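Q: Mind looking over this structure? Questions follow.
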Amino acid sequence: MSTQTKEQAILDFDPFEGDFGEPGDSILANKMVTARKPGPCSHCEQEIQKGERVRSMAAKFGDFMRYRWCAACCDAMVAADDDSDDSADPWEAWEARAALRNDQRAQQREG
């Protein structure tokens with residue numbers, strides 16, 4: 001898969017699929033960028049490194065929101081949309097990334 005095709009697949013993935021929306025919700029910007037500074041991923045909460053290729057989204061979901069997804073979560077977005085392998089769960093990688101976030105939050109509560 002070419003870089004351009006992969007990045008388009010990432011941008012086409014709806015990370016909020018199944019969430020309830022409201023009239024007036026809108027995506028203001030949705031693009032692939034090179035991270036200029038570190039910060040947490042919006043899905044797995046792992047640290048995004050400066051220079052990493054990430055997805056960036058600005059949206060109005062009631063309030064103005066900004067999201068950034070790390071390269072590993074972007075790869076999981078592509079895998080979740082890949083239905084070419086009937087034996088594998090396409091959502092497995094996306095759910096595994098969410099598990100990292102849940103594990104991190106559990107550790108923070110404990111310690």
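The values are calculated or read from the model by the stated rules, or taken from the named source; none is laboratory data. If you're wondering where the values come from, they're calculated on a predicted model, not measured in any experiment. Here the Cβ is made from the backbone with ideal geometry for all residues, glycine too, and neighbour counts use every protein chain on show.
Q: Can you pull out the residues in the stretch 46-71 that are acidic (Asp, Glu) and at pLDDT 95 or above?
A: Glu47, Glu52
Q: Against the definition (free of Cβ contacts under 8 Å to residues at least 40 places away in the same chain and of a type outside the set (Asp, Glu)), how does Val33 come out, yes or no?
A: Spelling it out, Val33 is indeed free of Cβ contacts under 8 Å to residues at least 40 places away in the same chain and of a type outside the set (Asp, Glu).
Q: Residue under question is Glu95, and the condition is that it be more than 12 Å from the chain's Cα centre (by Cα) and surrounded by 11 or more Cβ atoms within 10 Å (Cβ to Cβ); does it hold?
A: Considered against the rule, which asks whether it is more than 12 Å from the chain's Cα centre (by Cα) and surrounded by 11 or more Cβ atoms within 10 Å (Cβ to Cβ), Glu95 comes out as no.
Q: Can you tell me which residue in the stretch 14-44 is surrounded by the fewest Cβ atoms within 10 Å (Cβ to Cβ), limited to those that are hydrophobic (A, V, I, L, M, F, W, C) and either over 15 Å from the mean Cα position of the chain (by Cα) or under 17 Å from Ala72 (Cα atoms) (or both)?
A: Step by step, filter the stretch 14-44, then rank; the result is Phe20.
Q: Applying the selection to the stretch 14-41, what residues are modelled with pLDDT of 95 or more, assigned to a loop (DSSP other than H, G, I, E, B) and touching a helix residue (DSSP H, G or I) at 6+ places or on another chain (Cβ under 8 Å)? Lay out the reasoning, then the answer.
A: Taking the stretch 14-41 as the starting set, the residues that turn out to be modelled with pLDDT of 95 or more are 28-41.
Still in the list and also assigned to a loop (DSSP other than H, G, I, E, B): 35-38, 41.
Scanning the stretch 14-41 gives a single hit, Cys41.
Q: Can you name the number of the only condition in (1) under 30 Å from Pro23 (Cα atoms); (2) at pLDDT 90 or above that Ala80 fails?
A: (2)
Q: Oh, and also: Tell me which residues, restricted to the stretch 6-30, are free of Cβ contacts under 8 Å to residues at least 24 places away in the same chain and polar (S, T, N, Q).
A: Gln8
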